[in-house]
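Have a look at the structure below before the remarks.
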Amino acid sequence: MKEIIFSYWKKSIVENKSKILLSITFLLLALAITSSLGDYVDETASVSVPDLILDHIPTVNLDFIFVYGFLAVIIIFIAYPLIFTPTICIMRLVCLAYSYASGQGSRHSRI
(Lines give C-alpha, C1' and ligand atoms only; values in the text may rest on other atoms or scores of the structure.)
Protein backbone atom coordinates (compact mmCIF):
# COMPACT_ATOMS: atom_id res chain seq x y z
CA MET A 1 0.00 0.00 0.00
CA LYS A 2 2.80 2.37 0.91
CA GLU A 3 4.57 1.73 -2.40
CA ILE A 4 1.38 2.46 -4.34
CA ILE A 5 0.91 5.80 -2.60
CA PHE A 6 4.57 6.71 -3.08
CA SER A 7 4.51 5.79 -6.76
CA TYR A 8 1.31 7.82 -7.29
CA TRP A 9 2.88 10.76 -5.47
CA LYS A 10 6.09 10.50 -7.51
CA LYS A 11 4.14 10.17 -10.79
CA SER A 12 2.07 13.22 -9.91
CA ILE A 13 5.15 15.32 -9.22
CA VAL A 14 6.83 14.26 -12.47
CA GLU A 15 3.69 15.04 -14.50
CA ASN A 16 3.27 18.48 -12.94
CA LYS A 17 6.93 19.48 -12.64
CA SER A 18 6.52 22.66 -14.66
CA LYS A 19 3.51 23.80 -12.60
CA ILE A 20 5.41 23.14 -9.37
CA LEU A 21 8.45 25.10 -10.52
CA LEU A 22 6.28 27.96 -11.77
CA SER A 23 4.36 28.18 -8.50
CA ILE A 24 7.57 28.09 -6.44
CA THR A 25 9.01 30.83 -8.65
CA PHE A 26 5.93 33.01 -8.16
CA LEU A 27 5.97 32.32 -4.42
CA LEU A 28 9.61 33.39 -4.11
CA LEU A 29 8.92 36.47 -6.24
CA ALA A 30 5.93 37.37 -4.09
CA LEU A 31 7.99 36.95 -0.91
CA ALA A 32 10.71 39.25 -2.25
CA ILE A 33 8.23 41.91 -3.38
CA THR A 34 6.27 41.74 -0.12
CA SER A 35 9.42 42.07 1.94
CA SER A 36 10.69 45.09 0.00
CA LEU A 37 7.29 46.79 0.08
CA GLY A 38 7.01 46.11 3.81
CA ASP A 39 10.35 47.80 4.40
CA TYR A 40 9.14 50.80 2.39
CA VAL A 41 5.95 51.04 4.44
CA ASP A 42 7.93 50.89 7.69
CA GLU A 43 10.19 53.75 6.57
CA THR A 44 7.42 55.98 5.23
CA ALA A 45 5.86 58.30 7.80
CA SER A 46 2.13 58.87 7.85
CA VAL A 47 -0.39 60.89 9.81
CA SER A 48 -2.41 58.95 12.37
CA VAL A 49 -6.16 59.20 11.97
CA PRO A 50 -8.33 59.33 15.12
CA ASP A 51 -11.03 56.70 15.55
CA LEU A 52 -14.12 57.09 17.74
CA ILE A 53 -14.32 53.45 18.89
CA LEU A 54 -10.66 52.38 18.87
CA ASP A 55 -9.57 55.39 20.92
CA HIS A 56 -11.79 54.24 23.81
CA ILE A 57 -10.99 50.52 24.04
CA PRO A 58 -7.74 49.00 25.35
CA THR A 59 -5.07 47.70 23.03
CA VAL A 60 -4.73 43.91 22.81
CA ASN A 61 -1.61 42.26 21.39
CA LEU A 62 -2.76 39.73 18.78
CA ASP A 63 0.65 39.10 17.19
CA PHE A 64 0.66 35.50 18.43
CA ILE A 65 -2.61 34.69 16.66
CA PHE A 66 -1.63 36.42 13.43
CA VAL A 67 1.85 34.88 13.24
CA TYR A 68 1.26 31.35 14.46
CA GLY A 69 -2.31 31.12 13.17
CA PHE A 70 -1.16 31.99 9.67
CA LEU A 71 1.74 29.55 10.01
CA ALA A 72 -0.61 26.76 11.14
CA VAL A 73 -2.96 27.41 8.22
CA ILE A 74 -0.05 27.27 5.77
CA ILE A 75 1.28 24.02 7.26
CA ILE A 76 -2.14 22.36 7.18
CA PHE A 77 -2.83 23.83 3.74
CA ILE A 78 0.28 22.14 2.32
CA ALA A 79 0.75 19.05 4.51
CA TYR A 80 -2.75 17.56 4.34
CA PRO A 81 -3.01 17.28 0.55
CA LEU A 82 0.65 16.29 0.31
CA ILE A 83 -0.08 13.25 2.45
CA PHE A 84 -3.51 12.27 1.16
CA THR A 85 -3.92 13.70 -2.37
CA PRO A 86 -0.69 14.87 -4.01
CA THR A 87 -2.40 16.30 -7.11
CA ILE A 88 -4.33 18.78 -4.97
CA CYS A 89 -1.06 19.84 -3.33
CA ILE A 90 0.15 21.33 -6.61
CA MET A 91 -3.00 23.42 -6.91
CA ARG A 92 -2.68 24.49 -3.28
CA LEU A 93 0.88 25.71 -3.90
CA VAL A 94 -0.40 27.80 -6.81
CA CYS A 95 -3.19 29.23 -4.62
CA LEU A 96 -0.72 29.94 -1.82
CA ALA A 97 1.56 31.84 -4.19
CA TYR A 98 -1.40 33.83 -5.55
CA SER A 99 -2.70 34.53 -2.04
CA TYR A 100 0.65 35.79 -0.88
CA ALA A 101 1.19 37.83 -4.02
CA SER A 102 -2.21 39.51 -3.69
CA GLY A 103 -1.38 40.75 -0.19
CA GLN A 104 -3.32 38.27 1.95
CA GLY A 105 -0.11 36.80 3.32
CA SER A 106 1.66 40.09 3.89
CA ARG A 107 3.32 40.48 7.24
CA HIS A 108 3.20 44.27 6.87
CA SER A 109 -0.40 44.76 5.81
CA ARG A 110 -2.02 47.63 7.63
CA ILE A 111 -5.56 48.93 7.77
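So here's what we get for this one:
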item: Residue match in the stretch 4-11 (condition: surrounded by 12 or more Cβ atoms within 10 Å (Cβ to Cβ), closer than 16 Å to residue 82 by Cβ and small (Gly, Ala, Ser)); result: no
item: Condition met for residue 77 (of a type in the set (Phe, Trp, Tyr), part of a helix (DSSP H, G or I), under 13 Å from the mean Cα position of the chain (by Cα) and surrounded by 13 or more Cβ atoms within 10 Å (Cβ to Cβ)); result: yes
item: Whichever residue in the stretch 58-74 is part of a loop (DSSP other than H, G, I, E, B) and not hydrophobic (A, V, I, L, M, F, W, C) and, among such residues, is surrounded by the fewest Cβ atoms within 10 Å (Cβ to Cβ); result: 58
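Here's the yes/no breakdown for (1) within 26 Å of residue 16 (Cβ to Cβ); (2) modelled with pLDDT under 85; (3) hydrophobic (A, V, I, L, M, F, W, C):
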{"site": "49", "(1), (2), (3)": "no, yes, yes"}
{"site": "59", "(1), (2), (3)": "no, no, no"}
{"site": "77", "(1), (2), (3)": "yes, yes, yes"}
{"site": "80", "(1), (2), (3)": "yes, yes, no"}
{"site": "94", "(1), (2), (3)": "yes, yes, yes"}
{"site": "102", "(1), (2), (3)": "yes, yes, no"}
{"site": "105", "(1), (2), (3)": "yes, yes, no"}
{"site": "109", "(1), (2), (3)": "no, yes, no"}
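Table: residues versus (1) touching a residue at least 60 places away in the same chain (Cβ under 8 Å); (2) within 17 Å of the chain's Cα centre (by Cα); (3) farther than 17 Å from residue 101 by Cβ.
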site	(1), (2), (3)
14	no, no, yes
30	yes, yes, no
37	yes, yes, no
41	yes, no, no
44	no, no, yes
57	no, no, yes
64	no, yes, yes
72	no, yes, yes
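The values are calculated or read from the model by the stated rules, or taken from the named source; none is laboratory data. All values derive from a computational prediction rather than experimental measurement. In this analysis, Cβ positions are derived from the backbone assuming ideal geometry, glycine residues included, and neighbour counts consider all displayed protein chains.
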